[in-house]
Amino acid sequence: MSVLVYTESENGKFKKNALEVASYAAEVAKLLGTNAVSISINATENETLGTYGISKVLNVSNDKLSTFNAKGYANTIVQAAKAENAQVIITSSSTDAKYLAPLVSASLKAGYAPNVVAAPESTSPFTVKRTAFSNKGFALTQINTEIKVVGVSNNSFGIIENATTATVESFDPSLEDNDFSTKSTKVDKVIGKATIADADIVVSGGRGLKGPENWGMIEKLADVLGAATACSKPVSDLGWRPHGEHVGQTGKPVASNLYIAIGISGAIQHLAGVSASKTKVVINTDPEAPFFKAADYGIVGDAFEVVPQLIEKLKEF
Ligand code: FAD
C-alpha cells in the first residue's frame, strides 16, 4: 500500500503547489503508516522531493507529455497508482489537476474530494475537510471507496520540510493514440510574473480604477510585493485587462496569503472566488462597500492617492 501524489512541474521545475501536495502526501502516509510516492512528468529535480517527505519518485520522461493533456496525464497517474498499489492519490487544486483528477477517480472507481484544506480528520472512515458553498463554509467529507482521490487547495496545508531522501525511478506508462485525442499545440504565458494560482500575494483592481490607463500603479505595487495581478469580472469584460486575470466565482479562484482589492466593491460573486485568501486588504472610497465586511484590513480612501503612497512606503523595506 502507498500514497501517490502527482507533483506538477513547469519547464522541469516543480511548481509551488507540488511542494505543498508532497508535504500533504507525507502527512497522509504517516497517518496510514505507509510511504509517500510521487509521480512526476518531465521534471528534472526529482530527488529534491525527499525534502518534503517523499520516499520514492516515479519520473516519466516522455516528449508526448511535454504539454498538459488531461487524458494522457490521467492515464499515466492511473498506471502509477496501480504499480504502487496506491490507496490514496493526491493532486493539487490547479486547473490542470481539477481536469485530470475526475478522470483518475472514474478510472479507478475511487471517490474524489476536491478543495481539501487540511490533513485528514480521520483515516477510518477517511474524512477530509473541504471548502463548500463557494468558500463560504467547510464540509467534512467521508470518502468510502477503497481508493481515494484528494485534491488539496493551494496555500491551505503549507509546505513542510522533512529530512528524508527520495529515490528516483524512471516510469514508462503505456500510452495509446486515444490518450492524445486532444493536444495543446501552443501555450502563451507571461514569463517572469507570479501566476494567480501560485502567488503568495495578489494585487487586484476593479472598476474603481476608471480605465486601463491607470493600471500602471497596480503593476508597480505588484512588482514591489512580488505579487500577481488580478481584476474583477467587469474589468476583463471591458477589455481593460486580459481574461486570465479575472478572479471570482466565474473566474480564477484565489487562495493567496494576501489579497489586496483596490476599487472593487466586493460583490458576492467576486468574494466567492477570493474568500479562501488568508488576509484580505481593501482600498475603497466608499466606507459602505460590502468588501469591508469580508476584509481583515481596510483603507477608506481614493486609490489614486493611497496606492502611490503605499508603493513609496513599501520601497523602504
Ligand atoms: P463596481 O461594483 O463598479 O465597484 C467599483 C468600486 O470601486 C466601488 O465600490 C467604488 O466605491 C470603488 N471606487 C470608485 N472609485 C474609487 C477610487 N478612486 N478609489 C478606490 N475605490 C474606488 N464579478 C467578479 O469580480 N468575479 C466573478 O467571477 C463574477 N462572476 C459573476 C457571475 C454572475 C452570474 C454575475 C451575475 C455577476 C458576476 N460578477 C463577477 C459581477 C459582480 O456581480 C460585480 O458586478 C463585479 O464584481 C463588480 O466589479 P467591481 O467591484 O470592479 O465594480
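The values are calculated or read from the model by the stated rules, or taken from the named source; none is laboratory data. Quantities reported herein were computed from a predicted structural model and do not represent experimental measurements. So basically every Cβ, Gly included, is an ideal-geometry build from the backbone, and we count neighbours across all protein chains shown.
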All but one of (1) modelled with pLDDT under 95; (2) surrounded by 14 or more Cβ atoms within 10 Å (Cβ to Cβ); (3) under 23 Å from Val28 (Cα atoms); (4) among the hydroxyl-bearing types (Ser, Thr, Tyr) hold for Ser134; state the number of the condition that does not hold. (3)
Taking Ser107, is it at pLDDT 95 or above and surrounded by 15 or more Cβ atoms within 10 Å (Cβ to Cβ)? yes
Any residue that is modelled with pLDDT under 95, at negative phi, aromatic (Phe, Trp, Tyr) and assigned to a helix (DSSP H, G or I) - is there at least one of those in segment 62-73? no
With segment 251-317 as the region, which strands (runs of 3 or more DSSP E) entirely inside it contain at least 1 residues that are at pLDDT 95 or above, among the hydroxyl-bearing types (Ser, Thr, Tyr) and surrounded by fewer than 19 Cβ atoms within 10 Å (Cβ to Cβ)? 279-284, 297-300
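Out of segment 8-37, which residues are farther than 17 Å from Ser93 by Cβ and among the small types (Gly, Ala, Ser)?
Gly12, Ala26, Ala29, Gly33, Ala36
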Tell me which residues, restricted to segment 222-250, are more than 11 Å from the ligand (Cβ to nearest atom) and in a strand (DSSP E or B). Ala228, Thr229
Is there a residue in segment 162-178 that is at pLDDT 95 or above, away from the ligand (no atom under 16 Å from the Cβ) and either assigned to a helix (DSSP H, G or I) or of a type in the set (Phe, Trp, Tyr) (or both)? yes
So, of the residues in segment 197-221 that are part of a loop (DSSP other than H, G, I, E, B) and not aliphatic (A, V, I, L, M), which turns out to be nearest to the ligand (Cβ to nearest atom)? Gly206
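So that you can scan it fast, the table gives a plain yes or no per residue for (1) closer than 12 Å to Gly208 by Cβ; (2) more than 8 Å from the ligand (Cβ to nearest atom); (3) over 29 Å from the mean Cα position of the chain (by Cα):
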{"residue": "Ile268", "(1), (2), (3)": "no, no, no"}
{"residue": "Ala272", "(1), (2), (3)": "no, no, no"}
{"residue": "Ser277", "(1), (2), (3)": "no, yes, no"}
{"residue": "Ile283", "(1), (2), (3)": "yes, no, no"}
{"residue": "Gly301", "(1), (2), (3)": "yes, no, yes"}
Look at Ser124 and say whether it is in contact with a Leu (Cβ under 9 Å, 6 or more places away or on another chain) and not aliphatic (A, V, I, L, M). no
